[in-house]
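The values are calculated or read from the model by the stated rules, or taken from the named source; none is laboratory data. Just so you know, these numbers come straight off a predicted model, no measurement behind them. With ideal geometry, Cβ positions are generated from the backbone for all residues, glycine too; neighbour counts draw on all protein chains shown. These accessible areas exclude ligands, DNA and RNA; they are computed on the full protein's heavy atoms, side chains included. Shrake-Rupley method; radii C 1.70, N 1.55, O 1.52, S 1.80 Å.
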Amino acid sequence: MIRPKSSLQAFLLLFFYCFLMFMLVSVSGVILGATINFFKMGRWVLECSEILRLIPGALIYTVFATVGIWGLSRLKSYKERKAPGDKEEKS
């Protein structure tokens, strides 16, 4: 596991992992669809252009997922830092 040294490195690593996951799921879906078509129609219909067309969609999902996950982690760390101070003030 790669340990990021800064917040930017952590964000870029998260972006890369999300993109890799979305591409893996997308490519496996296209291959599964081509396999189903092969057994139904008897011909293999899978071209490189189909896989290349997945990249823009995976990038869009990656941007939204990465920003959402990063924002939630920032919010969680902010709440954790603020929580001990709140308990002391209430006592």
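For this structure, a couple of remarks:
- Scanning the range 1-11 for residues that are of a type in the set (A, V, I, L, M) and part of a loop (DSSP other than H, G, I, E, B) turns up MET1, ILE2.
- Residues being surrounded by 12 or more Cβ atoms within 10 Å (Cβ to Cβ) and either at pLDDT 85 or above or under 13 Å from the mean Cα position of the chain (by Cα) (or both) - total across the range 2-11: 3
- For the range 12-22, the criterion of being modelled with pLDDT of 90 or more, over 19 Å from the mean Cα position of the chain (by Cα) and part of a helix (DSSP H, G or I) is met by no residue.
- Residues of the range 65-86 that are touching a residue at least 40 places away in the same chain (Cβ under 8 Å) and either open to solvent by 50 Å² or more (accessible area, probe 1.4 Å) or not hydroxyl-bearing (Ser, Thr, Tyr) (or both): ALA65, ILE69, TRP70.
- Each residue in the range 41-55 was checked for being in a helix (DSSP H, G or I) and either open to solvent by 60 Å² or more (accessible area, probe 1.4 Å) or not charged (D, E, K, R) (or both), and 7 of them qualify.
- Selection of the range 23-40 for residues being open to solvent by 90 Å² or more (accessible area, probe 1.4 Å) and either aromatic (Phe, Trp, Tyr) or outside any helix (DSSP H, G or I) (or both) yields only PHE39.
- Residue match in the range 56-64 (condition: in contact (Cβ under 8 Å) with a residue 24 or more places away in the chain, part of a helix (DSSP H, G or I) and surrounded by fewer than 13 Cβ atoms within 10 Å (Cβ to Cβ)): yes
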